[in-house]
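Asks: Dropping the structure in here first, questions after.
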Amino acid sequence: MVNAGGLMLQIKCLDKRGFALQFTWLFVLIAGAIILGFFFSLINNLMHGEEVQTDIKATQELDALIKINLASGDTQKIVLFDKKIIFSADSGSTYSEYYVENSPYIAKYEYNAVFSPNELEGDEVIIQNVMFKAPFRTLPVVYVSNKDIEYVFVNTSTIINLVSSYLPENLTKASVSRGLMPDYPDNNYDHTVFILDDAAYLNSLRPNSFRNADKRLFAVVITPGQNTIYGYGNLTFYHYTSSNDFVSDGSVPFLDLTTIVGGVISHDKAIYECNLRKVLKRINLLTDLHTQRMRHYQDDISLFECKNLYQTAIAHLENMKESSIDGEKLFTEDFQNLLISINELRILNPYIIGTKDCPGIY
Amino acid sequence: MRKRAQMQMTETIFVVFIILIIIMLGFVFYSKFQEISIKEKEKILRNIEVIKLAHRISSWPELECSIAGAERFACLDMVKLEVLGDFINRTMKTNSYGFNYYYDLLKNSKITITEVYPSSTKTLGTDYWLLYDNPGSTPLTDAVIIPVNLYNPVSKTYALGMMEVQIFK
């Protein structure tokens, strides 16, 4: 009996131990899973955080390259950048911004003229800056593009050849005659931009072989003004639609080759117009300053010989100031007036400095 | 024996505790020292940025010397200085595009240019120019002084000047 009792106790103890063992294993599994889950979640969050940090840093680095200062000379940089950049602008103002995809950091640039397509994706970014002169040094204009955008120049007229030669080096350029334009092949670039001097040839293109033509095909038609090849005129922007047609997004004036190239590189009406307004505002600001300076020289008795010349310069500068007012709509006539005054000042300044030995206009 | 063992254990615990305190104190002092060193380096870097800004300013189209159409490096035109200083001062109160343009470049800072040779009377508009006066509450940098060439386009003479730039929070 005692033995049976002892055995029962032993069995009971064994049961308890077995149960305890099972419970321990269960506890270990559950607790282990929770701890592992916690660490996985932590690692995931850290990795995501690091990615966001990298994107923010990339935007900041690009910022330093794009926001060229007023003192810069004409330079080109090719930067290794494998993230997608999205640009946007308000065509009615000087507000524009860009950001790297998935980055929460948005870089705004209200005073820098940066002509770029609305998005760039590739392994590298080509950044070129050129000083815009009117005729005095005004501001550096920045072109941002990459080799995955193809610029196709149609026809070999003077204006087309000029723009083609002025386009930054290292960009993908091609030339095609009007006759061969209809069968232009799809070379698999992100965007293909046709640059023409006559919109009539636009719809002769048969882009059947272009995949996603409505997202990849664009055109810019250059229409010079009267008595000039590239001094002033209009740029008309087109994009291809799914109804097998090029549709116009509207026309915006241009002033000088610098802005034509800006329009070609951006092939986006809103981005082009926004950045053109920045150029106009800067011209407006500088003409105001130069006018004040000319008045100062006019009042100086020692410069009486040049008084009438300064008066002429003031008239041209005031004309430029009037023509560069940033209104709701930009008019081609204003650009024509700007060009006339710029050309007059270009002749007058060396005459004042060289012949009359007086302080120059700029 | 048991009491002796207990005493030794207490002793060990105290020793470990004191060592930990010494290590923590050491760490605190090291951190403080590092913080001071980093702040010094930050100040030096900010001053370098100020010098870069001063060099950039002298290349602005609205300030640079232009002699016979050629631009000169680190040279400021006196008449342009006066005109730009007046313009910024005038437009500061109106919050116009003109002032906002320069605010975007210069933020909260104070920039003065003083002629030191041949004239140094510190007369506003003659040999002293307050180019930009938009200070904040706390200076972020020292007042950095950079020598500049000053050109008078009327008399066609040069003078030595000092550009003083200070950036604020």
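The values are calculated or read from the model by the stated rules, or taken from the named source; none is laboratory data. What you are looking at is a predicted structure, and each value in this text was computed from that prediction instead of being measured. With ideal geometry, Cβ positions are generated from the backbone for all residues, glycine too; neighbour counts draw on all protein chains shown.
Asks: Out of B:ILE38, B:ILE21, B:ILE67, I need the residue that is within 11 Å of chain A (Cβ to nearest Cβ) and more than 18 Å from B:GLY161 (Cα to Cα). Which one?
Replies: Among B:ILE38, B:ILE21, B:ILE67, only B:ILE67 is within 11 Å of chain A (Cβ to nearest Cβ) and more than 18 Å from B:GLY161 (Cα to Cα).
Asks: Would you call A:TYR297 over 30 Å from A:ILE159 (Cα atoms), at the interface with another protein chain (Cβ under 10 Å from one of its Cβ atoms) and surrounded by 21 or more Cβ atoms within 10 Å (Cβ to Cβ)?
Replies: yes
Asks: Right, another one. Among the strands (runs of 3 or more DSSP E) contained in the range B:69-169, which hold 3 or more residues that are within 24 Å of B:ARG46 (Cβ to Cβ), at pLDDT 85 or above and of a type in the set (S, T, N, Q)?
Replies: Output list reads B:109-117.
Asks: Would you be able to say whether some residue in the range B:100-109 is surrounded by 14 or more Cβ atoms within 10 Å (Cβ to Cβ), in contact with a Pro (Cβ under 8 Å, 6 or more places away or on another chain) and either acidic (Asp, Glu) or touching a residue at least 40 places away in the same chain (Cβ under 8 Å) (or both)?
Replies: yes
Asks: Please go through the range A:79-106 and pick out each residue that is under 12 Å from the mean Cα position of the chain (by Cα) and crowded, with 19+ Cβ neighbours inside 10 Å.
Replies: Scanning the range A:79-106 gives A:ILE85, A:PHE87, A:ALA89, A:SER96, A:TYR98, A:TYR99.
Asks: If A:LEU338 passes every condition in (1) within 14 Å of another protein chain (Cβ to nearest Cβ); (2) surrounded by 18 or more Cβ atoms within 10 Å (Cβ to Cβ); (3) in a helix (DSSP H, G or I) but one, which one does it miss?
Replies: Tallying (1) within 14 Å of another protein chain (Cβ to nearest Cβ); (2) surrounded by 18 or more Cβ atoms within 10 Å (Cβ to Cβ); (3) in a helix (DSSP H, G or I), A:LEU338 fails exactly one: (1).
Asks: Here are B:VAL83, B:VAL116: which of them is of a type in the set (Val, Ile, Thr), free of Cβ contacts under 8 Å to residues at least 60 places away in the same chain, facing another protein chain (nearest Cβ under 9 Å) and in contact with an Asp or Glu (Cβ under 9 Å, 6 or more places away or on another chain)?
Replies: Answer to the check: B:VAL83.
Asks: Quick one: A:SER243 ticks every box in (1) touching a residue at least 12 places away in the same chain (Cβ under 8 Å); (2) under 30 Å from A:ARG211 (Cα atoms); (3) surrounded by fewer than 21 Cβ atoms within 10 Å (Cβ to Cβ) except a single one, so which number is it?
Replies: So the condition that A:SER243 fails would be (1).
Asks: Would you mind listing the strands (runs of 3 or more DSSP E) fully within the range A:31-146 where at least 3 residues are within 14 Å of chain B (Cβ to nearest Cβ)?
Replies: Because the criterion is at least 3 residues that are within 14 Å of chain B (Cβ to nearest Cβ), the strands (runs of 3 or more DSSP E) in the range A:31-146 that meet it are A:124-133, A:137-145.
Asks: Identify the residue in the range A:154-167 that is touching a helix residue (DSSP H, G or I) at 6+ places or on another chain (Cβ under 8 Å) and not in a helix (DSSP H, G or I) and, among all such residues, is surrounded by the fewest Cβ atoms within 10 Å (Cβ to Cβ).
Replies: A:ASN155
Asks: Let me ask something else. Here is a list: A:SER302, A:SER324. Which entry is within 14 Å of chain B (Cβ to nearest Cβ), surrounded by fewer than 15 Cβ atoms within 10 Å (Cβ to Cβ) and of a type in the set (Ser, Thr, Tyr)?
Replies: Being within 14 Å of chain B (Cβ to nearest Cβ), surrounded by fewer than 15 Cβ atoms within 10 Å (Cβ to Cβ) and of a type in the set (Ser, Thr, Tyr) holds for just one of A:SER302, A:SER324, which is A:SER302.
Asks: Can you say whether A:ILE229 is more than 22 Å from the chain's Cα centre (by Cα), under 28 Å from A:ASN112 (Cα atoms) and assigned to a loop (DSSP other than H, G, I, E, B), as far as the supplied structure shows?
Replies: Yes.
Asks: Let me ask something additional. Looking at the range A:179-203 only, could you name the residues that are touching a residue at least 12 places away in the same chain (Cβ under 8 Å), more than 25 Å from the chain's Cα centre (by Cα) and surrounded by fewer than 16 Cβ atoms within 10 Å (Cβ to Cβ)?
Replies: Hits for the range A:179-203 are A:PRO182, A:ASP183, A:PRO185, A:ASP198, A:ASN203.
Asks: Of the residues A:THR259, A:THR287, which is buried (at least 22 other Cβ atoms within 10 Å of the Cβ), part of a helix (DSSP H, G or I), touching a residue at least 24 places away in the same chain (Cβ under 8 Å) and more than 14 Å from every other protein chain (Cβ to nearest Cβ)?
Replies: Residue meeting the stated conditions: A:THR259.
Asks: In this structure, does A:THR172 turn out to be farther than 21 Å from A:LYS77 by Cα and surrounded by fewer than 20 Cβ atoms within 10 Å (Cβ to Cβ)?
Replies: In short, no.
Asks: Right, next: Of (1) touching a Pro at 6+ places or on another chain (Cβ under 9 Å); (2) within 14 Å of chain B (Cβ to nearest Cβ); (3) surrounded by fewer than 24 Cβ atoms within 10 Å (Cβ to Cβ), A:PRO359 satisfies all except one. Which?
Replies: A:PRO359 satisfies every listed condition except (3).
Matching residues to (1) within 14 Å of chain B (Cβ to nearest Cβ); (2) among the basic types (Lys, Arg); (3) surrounded by 22 or more Cβ atoms within 10 Å (Cβ to Cβ):
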residue: A:ILE265; (1), (2), (3): no, no, yes
residue: A:GLU273; (1), (2), (3): no, no, yes
residue: A:LYS278; (1), (2), (3): yes, yes, yes
residue: A:LEU309; (1), (2), (3): no, no, no
residue: A:THR332; (1), (2), (3): no, no, no
